[in-house]
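Quick notes on the structure that follows.
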Amino acid sequence: MPSRRVRPRIPETSAAQKAAAQAWNKGMVGQGRPAEERPAFEPCPVDGCATPVVGRRPPVAGMVQVRGSADGAAAHWYCPVRCAAIARARAELRAVPDRQGGER
């Protein structure tokens, strides 16, 4: 038996409750607009992005070399903005050791 009673949640039905909620939301009421329909993955428009490192010079000026993880993945050239950040994050995730009993 609970030691304290829990007060039930009552919906906002009175005009004063609705006015207080509208004031709290800075005048916004109703449903929010739906999320924009965009693909989850967009290919990089930069030529030579994600190409393996062969030699010392990148295929396009301004490219960033991202080393592979300790599991033996090769280094690649990436454009310096979004792709390089994603490649670094993926290399860091590959470097995390597997836990016993877990799925990969």
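The values are calculated or read from the model by the stated rules, or taken from the named source; none is laboratory data. Note that the structure is predicted; figures quoted are calculated from it, not measured. Every residue, glycine among them, receives a Cβ derived from its backbone with ideal geometry; neighbour counts consider all protein chains shown.
Side notes on the structure shown:
- Considering region 70-96, and only residues there that are under 21 Å from the mean Cα position of the chain (by Cα) and not in a helix (DSSP H, G or I), the residue that is surrounded by the most Cβ atoms within 10 Å (Cβ to Cβ) turns out to be 78.
- Within the option set 40, 35, 73, 89, being of a type in the set (A, V, I, L, M, F, W, C) and modelled with pLDDT of 85 or more holds for one residue only, 89.
- Residue count for region 39-57, restricted to those that are of a type in the set (A, V, I, L, M) and surrounded by fewer than 12 Cβ atoms within 10 Å (Cβ to Cβ): 2
- Here is the figure for region 58-69: residues that are surrounded by 13 or more Cβ atoms within 10 Å (Cβ to Cβ) and either basic (Lys, Arg) or assigned to a loop (DSSP other than H, G, I, E, B) (or both) total 7.
- Residues that are under 21 Å from the mean Cα position of the chain (by Cα) and either surrounded by 13 or more Cβ atoms within 10 Å (Cβ to Cβ) or small (Gly, Ala, Ser) (or both) do occur in region 15-38, at least one of them.
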